[in-house]
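This report refers to the structure that appears directly beneath it.
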Amino acid sequence: MHRSSLRRRLGIFCVVLVTACVALSITGAKAQASLTSSTAKKPCTGYGFTCDPAYGRVAYQSYWSMYAGHNCTNYVAWRLIQEGVKGDHSTLGNAADWSVNAKSNGAIVDQTPTVGAVAQWESGASGLSWAGHVAIVEKVTAKSITITEDNYSSGPLRTRVITKGSYEWPSNFLHFSTSDKSSAKARIRASSAAVPFTIDLVSNANSREFKRLVKKSHQAA
């Protein structure tokens, strides 16, 4: 067999793995997929509810006793309900209080951003008012997060990117369990265990590094 032919055949087995846990851990993949029903959005700034027309159609209804209309807490409450978060979470209060009150509502509060989590700013953080702020995390990369947020009392409702370590970075991330019974801990674990890398499965399947990554992914799962 010619070398070129062999390379072509072997080439189909060369796989680019975005993350170790997605490719090697079925448990991790299922956990991460649980909160990705809303497609990651591109940066957007517009008048009214241009950046999220679906919310615009129902924005003047209160969710979890939040002020209706353009309001960060009402928007995030609506989004969480769409993602399958059940129960009455009307005790969350102002955005600045969510990090404390969310724990009483069964949420996990930490510094790990995941898709579908709530980005939360404490009172006065990043130059915000005493009321704080909340938003929904749409996308997570090694260097940034993409969030969608609304603002009291006239907007804008927008989607923007925040660079990790910047002045605008959230104070906390809140993880609520959803109705599909997926574990918030599992989603966080799947996200934090993700290690971007590229590997040729044919030429590296027996390498120490590959075996180490396989072992690590199973331990995380």
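None of the figures in this text is laboratory data; all of them are computed from the coordinates on show. These numbers were taken from a predicted model, which means no experiment stands behind them. Cβ coordinates were reconstructed from backbone atoms using ideal geometry, including for glycine residues, and neighbour counts include every protein chain displayed.
Here are a few things to note about the model shown:
- Per-peptide packing, taken as the mean over residues of other Cβ atoms within 10 Å, places 121-127, 55-61 in the sequence 121-127, 55-61 from highest down.
- Put simply, the amide H of CYS44, placed in the peptide plane, has neighbours under 5 Å in THR159, ARG160, leaving out anything fewer than 5 places away on its chain.
- Amide H contacts of SER144 (H built 1.01 Å from N, in plane; Pro and chain starts excluded): LYS164 sit under 5 Å, all sequence-distant by 5 or more or on other chains.
- Amide H contacts for SER171 (H built 1.01 Å from N in the peptide plane; partners 5 or more residues away or on another chain; cut-off under 5 Å): GLN120, TRP121, GLU122.
- Shape of segment 114-172, Cα gyration tensor, a/c cut at 1.5: oblate
- Rounded to the nearest whole Hz, the Karplus-based 3J(HN,Hα) values (6.51 cos²θ - 1.76 cosθ + 1.60, θ = phi - 60°) of segment 114-127 follow the sequence 9, 4, x, 6, 9, 7, 10, 10, 6, 4, x, 5, 6, x, with x at glycine and proline.
- Segment 86-92 - phi-based ³J(HN,Hα) in whole Hz, Karplus 6.51/-1.76/1.60, Gly and Pro as x: 9, x, 9, 10, 5, 7, 5
- Rounded to the nearest Hz, the phi-derived 3J(HN,Hα) couplings of segment 129-140 under the Karplus curve 6.51 cos²θ - 1.76 cosθ + 1.60 (θ = phi - 60°) are 6, 4, 6, x, 6, 9, 8, 9, 7, 9, 8, 10, where x marks glycine and proline.
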